[in-house]
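See below for the structure under consideration.
The values are calculated or read from the model by the stated rules, or taken from the named source; none is laboratory data. Every value quoted in this text rests on a predicted model; they were computed, and no experiment measured them. Please note: Cβ atoms are built from the backbone with ideal geometry, for glycine as well, and neighbour counts cover all protein chains shown.
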Amino acid sequence: MKKDINFSIDNERFNFRVAIFLKNNNRVLLHKSQQFDFWNLPGGRIKIGESTLDAIKRELKEELDLTIENLKLICVWEDFFAWQNKNVQELLFVYYAEIDEYHPITKKQGFNTIDSQDEINYWIDVDKIETLNCKPKIIYSLNNYIENFNHSINKK
């Protein structure tokens, strides 16, 4: 099995991640870990030899049992932050997809991620995202990037 692209050197850490901005009407799917006090997008780490597109398709299948072919890259986010006593550099590719209201997943609320009983998924109204504690911060702006690709760098 191929390994995730993340590594530590002394007090520094690098993560290469992919996430999905999955919309249904005016709602977005976010998840919250029971260990932490913030909201995040479904997704995960990219494996060695895997493209970001293949990685998000794999993560959708592993976490939500979803197969979505029509995915659009809307954002690349370079983030520098402190986490668990390490300085972290994270490179995040965010894809977008719209799912229609007839799909069974749109009827669920407060459901566990398949590969982690720690993460609970919720459909959140787009205009309520700004009231939540979301990480990374780019989540607050993603609705603006559906039509216009964005590359942002967040230095601490």
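Just need a number here: residues in region 82-103 that are surrounded by fewer than 16 Cβ atoms within 10 Å (Cβ to Cβ) and either over 17 Å from the mean Cα position of the chain (by Cα) or within 22 Å of residue 57 (Cβ to Cβ) (or both). Give the derivation first.
Within region 82-103, the first condition is being surrounded by fewer than 16 Cβ atoms within 10 Å (Cβ to Cβ), and the residues that meet it are 82-87, 89, 98, 100-103.
Adding the requirement that they be either over 17 Å from the mean Cα position of the chain (by Cα) or within 22 Å of residue 57 (Cβ to Cβ) (or both) leaves 82-87, 98, 100-103.
Going through region 82-103 one residue at a time, the tally reaches 11.
If only one of 57, 61 is without any contact (Cβ under 8 Å) to a residue 40 or more places away in the chain, among the charged types (D, E, K, R) and crowded, with 18+ Cβ neighbours inside 10 Å, which one is it?
57
Restricting attention to region 135-151, report how many residues are surrounded by fewer than 19 Cβ atoms within 10 Å (Cβ to Cβ), touching a residue at least 60 places away in the same chain (Cβ under 8 Å) and closer than 12 Å to residue 92 by Cβ.
Selection size over region 135-151: 3.
Looking at this structure, is residue 79 touching a residue at least 12 places away in the same chain (Cβ under 8 Å), closer than 20 Å to residue 134 by Cα and touching a strand residue (DSSP E or B) at 6+ places or on another chain (Cβ under 7 Å)?
yes
Looking only at region 104-127, filter to residues that are exposed (fewer than 12 other Cβ atoms within 10 Å of the Cβ) and within 25 Å of residue 73 (Cβ to Cβ); which one of those is farthest from the chain's Cα centre (by Cα)?
Looking at the filtered set, the residue picked out is 127.
Can you tell me which residue in region 1-50 is surrounded by the most Cβ atoms within 10 Å (Cβ to Cβ), limited to those that are under 17 Å from residue 109 (Cα atoms) and aliphatic (A, V, I, L, M)?
Filtering region 1-50 for residues that are under 17 Å from residue 109 (Cα atoms) and aliphatic (A, V, I, L, M), the one surrounded by the most Cβ atoms within 10 Å (Cβ to Cβ) comes out as 22.
In this structure, does residue 122 turn out to be at pLDDT 95 or above, more than 25 Å from residue 8 (Cα to Cα) and aromatic (Phe, Trp, Tyr)?
Here the answer is yes, as residue 122 does meet what is asked.
Test residue 126 against the stated conditions and say whether it is in contact with a Cys (Cβ under 6 Å, 6 or more places away or on another chain) and closer than 17 Å to residue 20 by Cβ.
The answer is no for residue 126.
For region 112-153, which residues satisfy the criterion of being over 19 Å from residue 25 (Cα atoms) and assigned to a strand (DSSP E or B)?
If the condition is that a residue be over 19 Å from residue 25 (Cα atoms) and assigned to a strand (DSSP E or B), then 112, 113, 116, 117, 118, 119, 120, 134, 150, 151, 152, 153 are the ones that fit.
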